[in-house]
C-alpha cells in the first residue's frame, strides 16, 4: 500500500473576519475526498518544521502575522518543490514585506459583496479544461496587487471605489499559478464566507449570512482541482 500524502491546512485570522469554521470543514472534506491524504490543521504559519515536512499546503487565512523565519520556511518549502493552494484572503497580509513576493500578490480592497462575471483566461490549460468559459458568482471581488509574474487562469473586469480607494477599469486576476523554484502557488480569490457576527472589524453591526460560491458545483470543482494540483496530481 502506498504511503499517504501529508497536507497542512492553515485556516484562521486574528481578525475573525470570515467564517473560518465553515471554510475549515469544507476544505477538510475536499482533502479527504481527494483520497490518500492525511491532514494536519493549524490556524497560523508558526509550525515551520511541520510545514516543511508536509507534501502540500492549503490555506484560507487573512491578516495572519507571519514572522521572517516562517516566511523563509514557506519559501524553502516552495523552492524545493512544495505546492501551496492559497484561497481568498490568504494574500491579505497587511504590511508583511515578504509574503507578497512568495504568494505572488497582495490583497488591496474589494467592493461590496455582489454578483459578477468570471472569465476563464486560459481555456486550454489543464487546470481549466471543461470549466465553463464564463460564469457568474456571488462573492467579494478582490482587487490584488501583483508581486510576481504569474499565469492568470480566471479573471474579471472591474473599476470603481472600494474600501476608501479608487481603482481604474482593468482586468482583475481571480485565479493564478505562480512558480517558486521547483514548486509554486495556486491562488484562488473566490470564496468569501461569513456568519452574521463575522464582521470586518470589531464593533461593526452584524452582516448578512453569506457563503459565496461554496455550494456551487463549479466552485467545488475548482477547490478539488486545486487540492489535486497541490498534491502534484495535476501538471505544472
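The values are calculated or read from the model by the stated rules, or taken from the named source; none is laboratory data. Only a predicted model underlies this, so the values are computations on that prediction, with no experimental measurement involved. Every residue, glycine as well, gets a Cβ built from its backbone with ideal geometry; the counts of neighbours run over all protein chains shown.
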Within segment 125-137, restricting attention to residues that are surrounded by 15 or more Cβ atoms within 10 Å (Cβ to Cβ) and part of a strand (DSSP E or B), which residue is nearest to the chain's Cα centre (by Cα)?
137
Could you grab the pairs with beta carbons closer than 6 Å, sequence gap of 6+ or different chains, first residue in segment 2-27 and at pLDDT 95 or above, second one outside any loop (DSSP other than H, G, I, E, B) and surrounded by fewer than 16 Cβ atoms within 10 Å (Cβ to Cβ)?
4/38; 6/38; 8/40; 9/41
